[in-house]
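Below is one structure; the comments refer to it alone.
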Amino acid sequence: MISKFSTFAFKNVLFILSTVILVSAGGIARAQSPVGVAAVVNDEPISIIDLVERIKLIAVSSNIEMTPQKSNEMAPQILQQLINEKLQMQEAERRGIEVTQSDIDLAKSTIEQNAGLASGMLDKFLEQRRVAAGTIEDQIKPQVAWQKLLGTMRRDVQISDAEIDENLARIESNQGKPRNRVQEIFLPVDNQQDSSKVYQTAQEVLKALDQGADFGGLARQISASTSAPAGGDLGWLYAGEVANELQQAINQLAPGEVSAPIQTIRGYYIIKLLDRRRGDAAAITDTRLDLYQLFVPIAVDAPQDQLNAKLAVMDNAKKTADSCQALANVAVDLGSDLSGEMKGISPNDLSGPVSRAVGGLDKGQISDVIRVDGGALLVMVCDKIEKSNLPDRKSVENRLMMERLDILARRKLRELRREAFIDIRI
C-alpha cells in the first residue's frame with residue numbers, strides 16, 4: 001500500500017522532543033501526556049512519547065549525553081526502527097507467534113549479564129535514569145517475535161556440504177594471516193533513494209562514538225544485524241569470513257579503532273577492531289602441554305667436579321624416569337624446591353630454550369638437559385592435547401545459516417514495508 005510521509009518530516013521535531021523530554025523528566029506517565037502521535041502503521045499508532053522513551057533508552061544504554069539537538073538528529077532513524085518493530089510484531093501476531101513473559105525475562109537477564117548488572121536490577125537501573133517502565137520490554141518483544149519468526153524460516157534454508165567445505169578451505173588457506181575480533185553496527189539501505197539519509201545516520205553514530213558512546217550499547221539498540229543482541233560482537237574471524245570490502249577496512253584498523261562508514265550493496269557498516277592475533281602458517285592446531293620440570297641449581301662458580309656430578313644426576317634421571325611421577329620422586333630425593341608441574345601451557349608461552357626442547361616431544365617423552373640461569377632443567381611431557389584452531393563444520397554451517405536468514409529477514413521486512421500503510425506525522 002502507499003506509504004504517506006509528512007511534508008515537513010521532522011522539521012519541528014526538535015521543539016516537540018525538547019518539550020516531551022521536559023514533560024517526561026517531570027514524571028508524567030505516557031498515558032497522561034498530551035503529546036500526540038509520531039506515526040501510524042496499519043492503523044496502530046506510535047506515540048511521540050514512545051519515540052522519546054526509546055531515545056532515552058538508547059542514550060542510557062550507549063552512554064550518550066542526549067541533548068535536544070542530538071535527539072533531533074537521531075529521531076528519524078529511531079522512528080524508522082520503531083516502525084519496523086511495529087511491522088515485525090504485526091507479522092508475528094498474524095502468524096500466531098507469541099512472546100511470553102518467560103521470553104522477556106530471559107532477554108532481560110541476558111542484557112543484565114552483558115551490562116554487568118545484578119540479576120533483576122535492569123528495571124531499577126532504567127527507572128533511576130528516568131526511562132519509563134515498559135520501554136525495554138517494548139523493544140524486547142518485537143526482537144524475540146522476529147527471532148521466532150526467523151526460526152520458522154530455517155527449514156527453507158539449505159546449507160550444502162560443498163558450501164561448508166569451501167568455507168573451511170578458504171579459512172585454512174588464510175591460517176597464516178591475522179585473526180581479528182570485531183564488533184559491527186549495520187544500518188540497512190532497503191531503498192537506494194534512502195542511501196544518503198542512512199549514510200548521514202552512520203555519520204551521527206560515528207560522532208556519538210567519538211564523544212564517548214559505547215559501541216556495544218549502540219549496536220544493541222540500532223544495528224539491524226543478527227549480531228545486535230551480542231553488542232555487535234562477531235568474535236574471532238579469519239580472513240575470508242567476511243565480505244572483501246569489510247575485510248579491507250578491518251585490515252586498516254589498529255585495535256581499538258573504529259572504521260568510517262563502509263558502503264555495501266546491503267547498507268552501511270561501522271566496524272570496531274577489538275583485538276588482533278598474528279597467525280602462523282603452520283599453526284593449524286592449538287597445542288596445550290602438561291609438563292613436569294626437574295630443576296637442579298648449579299652455582300655459576302661451581303667447581304668442575306661438582307658441575308659434572310650434578311649433570312650426571314640429570315643424565316641418570318633422563319635415562320631412568322619413565323613417568324612424570326618418577327621425575328617428581330627424583331625432585332623429592334634431591335630436595336629440589338623449584339621443580340614442579342605446569343598444566344595447560346602453550347609451547348609459545350615457554351622460554352626459548354625450553355620451548356625448543358619440548359616442541360617435538362610426545363606424551364611421556366623427556367627433554368635433553370637444558371642449561372638455564374642458575375642451574376639445569378629436565379622437562380617431561382605428562383600430557384599433550386592438540387586442538388584444531390579452525391571452526392568445526394557445525395560452526396561454519398550455523399554462520400552461513402545466520403547470514404542466509406539475515407538476508408531473508410531483511411527481504412521480508414522490505415516486503416512488509418511495501419505493503420503497509422505508514423503515516424509519519426512529525
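The values are calculated or read from the model by the stated rules, or taken from the named source; none is laboratory data. Given the structure is predicted, the values throughout are model-derived calculations rather than measurements. Note that each Cβ is placed from the backbone with ideal geometry, even for glycine, and that neighbours are counted across all protein chains shown. Surface accessibility is based on the protein's heavy atoms, side chains included, excluding ligands, DNA and RNA. Shrake-Rupley method; radii C 1.70, N 1.55, O 1.52, S 1.80 Å.
Consider region 55-69 and keep the residues that are more than 22 Å from ALA115 (Cβ to Cβ) and in a helix (DSSP H, G or I). The one that is most open to solvent (accessible area, probe 1.4 Å) is GLN69.
To keep it simple, each residue is scored yes or no on (1) among the hydroxyl-bearing types (Ser, Thr, Tyr); (2) touching a Phe, Trp or Tyr at 6+ places or on another chain (Cβ under 9 Å); (3) closer than 30 Å to VAL41 by Cα.
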residue: LYS343; (1), (2), (3): no, no, no
residue: GLY352; (1), (2), (3): no, no, no
residue: SER367; (1), (2), (3): yes, no, no
residue: ARG371; (1), (2), (3): no, no, no
residue: LEU390; (1), (2), (3): no, yes, no
residue: VAL396; (1), (2), (3): no, no, no
residue: ARG399; (1), (2), (3): no, no, no
residue: ILE424; (1), (2), (3): no, yes, yes
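Of the residues making up region 307-329, those that are open to solvent by less than 30 Å² (accessible area, probe 1.4 Å) and either in contact with a helix residue (DSSP H, G or I) (Cβ under 8 Å, 6 or more places away or on another chain) or among the β-branched types (Val, Ile, Thr) (or both) number 4. Mind telling me which of the residues GLY120, GLY151, GLY134, GLY176 ends up being modelled with pLDDT under 85 and farther than 16 Å from GLN81 by Cβ? Matching residue, one of GLY120, GLY151, GLY134, GLY176: GLY176.
Every residue, every condition in (1) open to solvent by less than 40 Å² (accessible area, probe 1.4 Å); (2) touching a residue at least 40 places away in the same chain (Cβ under 8 Å), yes or no:
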position	(1), (2)
ARG276	no, yes
ALA302	yes, no
ASP305	no, no
LEU350	yes, no
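Just a yes or no: is a residue in region 179-191 of a type in the set (D, E, K, R) and exposed (fewer than 15 other Cβ atoms within 10 Å of the Cβ)?
No: zero hits.
Within region 202-217, one or more residues are surrounded by fewer than 16 Cβ atoms within 10 Å (Cβ to Cβ) and either in contact with a Pro (Cβ under 8 Å, 6 or more places away or on another chain) or closer than 26 Å to LEU408 by Cα (or both). Taken over region 145-173, the criterion of being of a type in the set (Ser, Thr, Tyr) and in a helix (DSSP H, G or I) is satisfied by THR152, SER173.
Inspection of region 283-298 identifies at least one residue that is open to solvent by 20 Å² or more (accessible area, probe 1.4 Å), modelled with pLDDT under 90 and within 23 Å of the chain's Cα centre (by Cα).
Has region 386-407 got any residue that is at pLDDT below 85, within 30 Å of ALA243 (Cα to Cα) and open to solvent by less than 30 Å² (accessible area, probe 1.4 Å)? Yes, the conditions are met somewhere in region 386-407. Pairs please, first residue from region 103-132 and open to solvent by 80 Å² or more (accessible area, probe 1.4 Å), second anywhere and β-branched (Val, Ile, Thr), Cβ atoms under 7 Å, 6+ apart in sequence or on different chains. Correct list of pairs: ARG129/VAL60. Considered as a group, the residues in region 228-274 that are buried (at least 21 other Cβ atoms within 10 Å of the Cβ) and hydroxyl-bearing (Ser, Thr, Tyr) include one that is farthest from the chain's Cα centre (by Cα), and that residue is TYR268.
Residues that are touching a Ser or Thr at 6+ places or on another chain (Cβ under 9 Å) and in contact (Cβ under 8 Å) with a residue 60 or more places away in the chain within region 391-417 comprise MET402, LEU405, ASP406, ALA409, ARG417, listed in sequence order.
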